[in-house]
Amino acid sequence: MESTRADSSTLDFRSYPILLGLAGTVIALDQWTKYLVRSRLAYGEVWAPIEGLAEIVRIVHWSNTGAAFGLLPNGGLFFTLVAILVSIAILYYYPRIPGQQAALRIALSLQLGGAVGNLIDRLTQGPVTDMVAVGQFPVFNLADTSISLGVALLVLAMWREEREERARVQAEKPGRRLAPSADTEQPLD
């Protein structure tokens, strides 16, 4: 049976263009939207493209020194170090991910793009520029969204892999014979 885990001798450095392409796209869009907000709105200024929806969704020039969604507001240095360490860990771990685990690869690419997008702000601006305001939810940016989507996809991918592994173990239990089938394995008992 083929394992879904790569051993340490299996490194796929050819997969880096996918990682860097997706992460680079996130970084470029994140930095572009932050540039537009910083250059066109005064700090604290609100722009509502659709006036009737201004209470629900709007663009506001805001910043934060903490984590995504304004959490831990004075943790700038800590989150700078975390972003650097997470980025290094992703770059190290990524070529070790088996090719068939596309969801995990996409999740890590989104997380890397978001981490580096906010890291650029921390290193060049000090605080991170935020701009999307939805209802009473804390103001956030594209990098925060990318990190959150990456984490959600990572959790779903891990949950799915765990379920598949449990099904494989259950199917391989002694005393249970399985009939070959193109779609599913059917017990012969």
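The values are calculated or read from the model by the stated rules, or taken from the named source; none is laboratory data. Predicted model only: the values in this text are computed from it and were never measured. Reconstructed Cβ throughout: ideal geometry from the backbone, glycine too, with neighbour counts over all protein chains shown. What goes into the accessible areas is simple: the full protein's heavy atoms, side chains included, and nothing from ligands, DNA or RNA. Shrake-Rupley method; radii C 1.70, N 1.55, O 1.52, S 1.80 Å.
A count restricted to the stretch 120-160 and to residues that are farther than 22 Å from Leu36 by Cβ and not basic (Lys, Arg) stands at 12.
Given the criterion aliphatic (A, V, I, L, M) and more than 21 Å from Ala23 (Cβ to Cβ), identify the matching residue among Val128, Val139, Val132, Val82. Just a single option satisfies the conditions, and that option is Val139.
Table: residues versus (1) over 15 Å from the mean Cα position of the chain (by Cα); (2) open to solvent by 50 Å² or more (accessible area, probe 1.4 Å); (3) without any contact (Cβ under 8 Å) to a residue 40 or more places away in the chain.
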residue	(1), (2), (3)
Tyr35	yes, yes, yes
Ser39	yes, yes, yes
Trp62	yes, yes, no
Ser87	no, no, yes
Pro95	yes, no, no
Gly99	yes, yes, no
Ala107	no, no, no
Gly113	no, no, no
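Inspection of the stretch 72-82 finds a residue satisfying the criterion of being crowded, with 21+ Cβ neighbours inside 10 Å and in contact with a helix residue (DSSP H, G or I) (Cβ under 9 Å, 6 or more places away or on another chain). Can you pull out every residue in the stretch 132-148 that is out of contact with any Ser or Thr (no Cβ under 6 Å at 6 or more places or on another chain), touching a residue at least 12 places away in the same chain (Cβ under 8 Å) and open to solvent by 10 Å² or more (accessible area, probe 1.4 Å)? Selection gives Val132, Val134, Gly135, Phe137, Pro138, Val139, Phe140, Thr145, Ile147, Ser148. Residues of the stretch 80-97 include at least one that is under 24 Å from Gly24 (Cα atoms), modelled with pLDDT under 95 and assigned to a loop (DSSP other than H, G, I, E, B).
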